[in-house]
Every structure is written in structure tokens, then in C-alpha cells.
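Some notes on the structure that comes next.
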Amino acid sequence: MIRDAFRRARAEASWQQWALLAVGLACAIAVRFSLGPLSTGDYTHFMKGWIEVLREQGFAAFGTSFANYNPPFLYLLYLFGLLPIGGLAVVKVIAALFDFALAAGVAAIAYRLRGSMIVAAFAGVGALFIPEVLINSGMWGQVDATYTAFLVWSVYFVLARRDIPAWVLFALALSFKLQAVFLLPWLAVAFVLQKQRWRAVAIGVAVFLLTYVPALLAGRSPGSLAGIYVEQAQGYKHLTDRAANLYQWIPDSLYKPVAAAGVILAVGIIAMLCALYLHRARGVDRPEVWLVQIAAAFAVLVPFVLPAIHERYFYAGGVLAIVCLLIDRRYLVPAIALQLTAVLSYAPFLFRTTIVPLPYVAVLQLAAVVAVVVLSLSHPRQDAQPLFARRD
């Protein structure tokens, strides 16, 4: 099998192409090493202290609420904190590893969609150079690649019609970051369209609960663990936290009534969109491929219509919009727009400069979101031209 794979790889592309991809991969690794010494307030004010607590108290620290993150990411901080490296290096190494896990997931989807090893390799290496991926992990040392990597692999297993791994990986994504819930409507649509088994959902729930076991063994109470995401959701007191979404156009003075109304509005929009997808599902030639497009649509739409969103919460949507280029090149403009809005939204915090006022960035974001949603409603066409299609 491996020998056949190498033969196909040689037949698809020259050794020069593979060598250049290897150079690109090496550069992706090197640029992350180069950005390693950069730190931000998120590290100095939060993660640095968490690592110090874990190194001082060891496993017993999980019995306390020393951090406002769900335990799985803290487990990683504990394990990598055992290495003889600095705290910042711990954070950056974890971020980089999940960058590569995400890239592997993109490559797997590319191979599933296109059946080409060279296209899969190009997609995987290219994912490491997506601007938001590089900035989020390499510069910021944030954790968005962790849950997004699991989400991308969940998309892959939905594409492969394997419901149990899809739900398990979604559960792991949700255990790392609450924002994974943005793709729950997509998985619900996949559940109906693919006639998935309730057993897969139950196993996913069980896996999510199992992630709490080490913290429970360390002495933390179930109530305290159950309240982590509730406290996170209630901790935001702004309609938007630098996110280029709907609430850039509404003043924070209206937070109390608008925040509640915004959640209700979002639920209504999501429900209507799910109903529309299920209605349009009749006669779809490639339902699994279509579900990739639906995943991208929910990943960009939900953070746009929800209040109390950070700029980083469009991360998964930006990645999945680029994955959709493997299906239809019409995603090129909205995918580029989503990367541009990400950089413009990150700039006030990371670079201490406002390149374009965020209410104007939100206009571009709206256009990109509408484009991704509209494309998802058009079904995967048999004659659609994917990006990097080979012309014979």
C-alpha cells in the first residue's frame, strides 16, 4: 500500500515539485521558531501564571479553579510544562503542534475531495501559511488551532461518512473551546442528512465528560467544572470584543437589551438556515461534499450574528472557507476577504494600531459571510471548477 502511494506520488508530480513543497514545510517550521520569542498580554497575564501554578503544585493543581479554561488545554500545559523549556515555549510548542494537526486534516480532506497526493500536500503545507493561522499561533500563542484542528478532522470524518469519529472529534473540540459549538448546527444537519446513529452522539457526549475525569480525580467538584463555560459566557460585558461582526454598529450602552436579543436572533437565523438546508437536500448529487460547504457557512455566520464575540472566533470559518476552494474556486474572494478582516481585527490588540476602523471592517466581513452562505445554498455543482484544477 505504501509502495503504491509512492508510485502515485511520483506519477502525479516531479521530484522538483515535491522538493519545493519540502522547502515550504521547512519554512513553515522555521517561521514559527522565529516568532517564538514574541509574547502578548494574554501570555503574561494568564498562561504564564497557569504554567507556574502547574509546575509548583503538579497534578494537584487540577483540584482547584486556578484558570478559567476547560481542563483539556490545561492538561497540555501540565504535560509540556514537564519539559525543561520556558513557559512561553510551552505555549508556542502546543500551538505549533496543533497547527500541523490542522494542516494534516486539511490535507486529508483535500485527498478525499480530489484524490491527488500532490494537491493534498499542497493544501496541507499551504494551510500552515494561512495568515490568521500563522498570526494566531506563531505570534499570539493562542489556542484556536487546538479546537479547530479537531473540527477539521470532524469534517473529514463526516465527508467519509464515519459518524462516531466525527462526533468524538467534535466533542474533543468542544472540550478545548466553547466556540466549537458554532459548528453544532452543521453536525445536526449532517446527522439528519446522513442518517447518523444516536450511538455516535452518545459516544461523543461520553468522550466530552471523560475529559473531566483527571480534574475530578484531583479533587475538583463537578459543579465547578460544569460552570466553567457558563462563567466564560457571562464574563463578557461588551457587545463585541474587536470582532468585525454585526455588533460593531451598535453602541455598548445598549448591551443589556441587545445582548439577549442578539442571542435569540442568532438562534432564529440558525434554525431557519438548518431548515433551508434540509429542504434543499433533495436531489443533492454529492451530499458529503455539500456538508463541507455547510460547515464553512455556519463557522462564519454564527460568530457574525452572536454578541460578545472576540476577533479570534472567526478562525475556524476562515480555515473552512479556504478548504472550500478545493470544491469551488468561487470561494477565492470571500476566503481572501476573511483573512483580510482577520488581520485588520487582530491589529488593534497585537500591533497596537487601527489600520481600518472596525465598523468598516465589519462591512467587508458581512460581504464575505453572505458570499459563503450563498455559495453553500447553491449545492456542489458537477461542473464547479476547484482551485488548482489541473488543465490537460
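Worth a mention:
- Taking each of Lys195/Lys256; Lys177/Lys256; Lys48/Lys237; Lys92/Lys177 in turn, the alpha-carbon distance tops 29 angstrom for Lys195/Lys256.
- Protein heavy-atom accessible surface, 1.4 Å probe, per residue over segment 184-237: 55 Å².
- Of the accessible area of segment 114-242, computed with a 1.4 Å probe over protein heavy atoms only, carbon and sulfur atoms account for 71 percent.
- Cα centroid separation, segment 293-361 to segment 40-55 (Å): 28 Å
- Relative contact order computed over the chain (Cα-Cα under 8 Å; 6+ residues apart), in percent: 16 percent
- Per DSSP, loop trypsin sites (Lys or Arg not before Pro) in segment 310-383 with at most 11 further Cβ within 10 Å: Arg352
- Accessible area expressed per residue, segment 1-142, with surrounding protein chains retained (probe 1.4 Å, Å²): 48 Å²
- For the peptides 294-300, 96-102, 75-81, the ranking by mean Cβ contacts within 10 Å, running from highest to lowest, is 294-300, 96-102, 75-81.
The values are calculated or read from the model by the stated rules, or taken from the named source; none is laboratory data. Here the structure is a predicted model, which is why all the values come from computation and not from measurement. Positions of Cβ are generated from backbone atoms using ideal geometry, with glycine treated the same way; all protein chains shown enter the neighbour counts. For the accessible areas, the whole protein counts, side chains as well, though only heavy atoms, and no ligand, DNA or RNA atoms are used. Shrake-Rupley method; radii C 1.70, N 1.55, O 1.52, S 1.80 Å.
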